[in-house]
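The values are calculated or read from the model by the stated rules, or taken from the named source; none is laboratory data. This is a predicted model, so every value here is computed, not measured. When we count neighbours, we look across all protein chains shown, and the Cβ atoms used for this are built from the backbone with ideal geometry, even at glycine. Note: accessible area is taken over every heavy atom of the protein model, side chains too, but ligands, DNA and RNA are not part of it. Shrake-Rupley method; radii C 1.70, N 1.55, O 1.52, S 1.80 Å.
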Amino acid sequence: DAKTTQPTSMDCAEGRAANLPCNHSTISGNEYVYWYRQIHSQGPQYIIHGLKNNETNEMASLIITEDRKSSTLILPHATLRDTAVYYCIVRVVSGAQKLVFGQGTRLTINP
Amino acid sequence: NAGVTQTPKFRILKIGQSMTLQCAQDMNHNYMYWYRQDPGMGLKLIYYSVGAGITDKGEVPNGYNVSRSTTEDFPLRLELAAPSQTSVYFCASSSTGQLNTEAFFGQGTRLTVV
């Protein structure tokens, strides 16, 4: 299984862009990078995923390096509601395609 | 659209008691998962299922059992509750066979064993 490494915690000012890094240097060629977040103690919420190309949706942008060994999740205009734990996950290539969660990054948005 | 529904939301068990955590999804997803999350930690996979009648162990299966008799339901059974099983349990589902699909999570069951 490809493992991911994320900073334990980060802070960002409200209204600024939050950039969350993730290292996945052992990722295989056909494994996707997924990002989820968990607000307080709720169930994890899907944010975005990608394989090789950069991706953008209404919530965030995902920038994947050319060698695919790292990626960055960007929340363009962070709000207080974006305070959460953010998980970077590499989707395991197997029959179950199960999600394996790491420790995540605790992002705090400050007013 | 209910998505993934877990019951109960909260439960207190005594050591040695048994219980079943219920999980149901209405999205016709073949893949379903059970995770546990201890305080301040990430989620750990307990069991998963790739379809009705098929289940397999995850990272931390000891002390738990599952069954998958229908596509919709994936109950998690604790036979002899122990304090180490105090945790928040999350059920999730995803559609069949594609790597680029998201998983949907329920809102969790908070279990305390005393």
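Report the residue count in region B:14-44 for those that are in a strand (DSSP E or B), surrounded by 19 or more Cβ atoms within 10 Å (Cβ to Cβ) and within 13 Å of chain A (Cβ to nearest Cβ).
Of the residues in that region, 10 qualify.
Which count do you get for residues in region A:9-60 that are under 28 Å from B:Ser87 (Cα atoms), modelled with pLDDT of 95 or more and of a type outside the set (D, E, K, R)?
Summing the residues that are under 28 Å from B:Ser87 (Cα atoms), modelled with pLDDT of 95 or more and of a type outside the set (D, E, K, R) in region A:9-60 gives 4.
Only residues that are more than 18 Å from A:Ser61 (Cα to Cα) and either touching a residue at least 40 places away in the same chain (Cβ under 8 Å) or under 14 Å from the mean Cα position of the chain (by Cα) (or both): list them for region A:14-31, please.
Result: A:Ser25, A:Ile27, A:Ser28, A:Asn30, A:Glu31.
What about A:Leu80, is it in contact with a strand residue (DSSP E or B) (Cβ under 6 Å, 6 or more places away or on another chain), under 17 Å from A:Ala18 (Cβ atoms), at pLDDT 90 or above and open to solvent by 20 Å² or more (accessible area, probe 1.4 Å)?
Details: in contact with a strand residue (DSSP E or B) (Cβ under 6 Å, 6 or more places away or on another chain): yes; under 17 Å from A:Ala18 (Cβ atoms): yes; at pLDDT 90 or above: yes; open to solvent by 20 Å² or more (accessible area, probe 1.4 Å): yes.
Answer is yes for this residue.
A quick yes/no check of all residues on (1) in contact with a helix residue (DSSP H, G or I) (Cβ under 6 Å, 6 or more places away or on another chain); (2) outside any helix (DSSP H, G or I); (3) within 8 Å of chain A (Cβ to nearest Cβ); (4) closer than 28 Å to A:Ile47 by Cβ:
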residue	(1), (2), (3), (4)
B:Ile46	no, yes, no, yes
B:Val50	no, yes, yes, yes
B:Val60	no, yes, no, yes
B:Ser69	no, yes, no, no
B:Leu80	no, yes, no, no
B:Ser93	no, yes, no, yes
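Of the conditions (1) at positive phi; (2) free of Cβ contacts under 8 Å to residues at least 40 places away in the same chain, A:Gln45 satisfies every one except a single condition; which number is it?
Going through (1) at positive phi; (2) free of Cβ contacts under 8 Å to residues at least 40 places away in the same chain one by one, A:Gln45 breaks only (1).
Take the conditions within 30 Å of B:Gly51 (Cβ to Cβ) and among the acidic types (Asp, Glu) and apply them to A:Glu66. Does it pass?
No: the conditions fail for A:Glu66.
Can you name the residue in region A:69-89 that is more than 14 Å from chain B (Cβ to nearest Cβ) and β-branched (Val, Ile, Thr) and is also farthest from A:Tyr32 (Cα to Cα) among such residues?
Step one: filter region A:69-89 for residues more than 14 Å from chain B (Cβ to nearest Cβ), giving A:69-83.
Imposing the further condition that a residue be β-branched (Val, Ile, Thr) reduces the set to A:72, A:74, A:79, A:83.
On the way: A:Thr72: 14, A:Ile74: 17, A:Thr79: 27, A:Thr83: 25 Å.
Per the criteria, the residue is A:Thr79.
Rundown of residues vs (1) more than 12 Å from the chain's Cα centre (by Cα); (2) without any contact (Cβ under 8 Å) to a residue 24 or more places away in the chain, yes/no style:
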residue: B:Tyr47; (1), (2): no, no
residue: B:Gly53; (1), (2): yes, yes
residue: B:Gly58; (1), (2): no, no
residue: B:Thr71; (1), (2): yes, no
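For B:Leu99, are the conditions met, namely being at pLDDT below 95, in a strand (DSSP E or B), hydrophobic (A, V, I, L, M, F, W, C) and more than 18 Å from B:Phe10 (Cα to Cα)? It would help to see each step written out before you state the result.
Numbers: at pLDDT below 95: yes; in a strand (DSSP E or B): no; hydrophobic (A, V, I, L, M, F, W, C): yes; more than 18 Å from B:Phe10 (Cα to Cα): yes.
Considered against the rule, which asks whether it is at pLDDT below 95, in a strand (DSSP E or B), hydrophobic (A, V, I, L, M, F, W, C) and more than 18 Å from B:Phe10 (Cα to Cα), B:Leu99 comes out as no.
I'm trying to understand the selection: among the residues of region B:55-70, which are modelled with pLDDT under 95 and open to solvent by less than 30 Å² (accessible area, probe 1.4 Å)?
Once the filter is applied, which keeps residues that are modelled with pLDDT under 95 and open to solvent by less than 30 Å² (accessible area, probe 1.4 Å), region B:55-70 yields only B:Gly58.
Here's a check for you: in region A:23-52, which residue that is assigned to a strand (DSSP E or B) and in contact with a Ser or Thr (Cβ under 6 Å, 6 or more places away or on another chain) is least open to solvent (accessible area, probe 1.4 Å)?
A:Val33
Scan region B:1-13 for residues that are within 14 Å of chain A (Cβ to nearest Cβ) and over 22 Å from B:Glu72 (Cβ atoms) and jot them down.
Answer for region B:1-13, where residues must be within 14 Å of chain A (Cβ to nearest Cβ) and over 22 Å from B:Glu72 (Cβ atoms): just B:Phe10.
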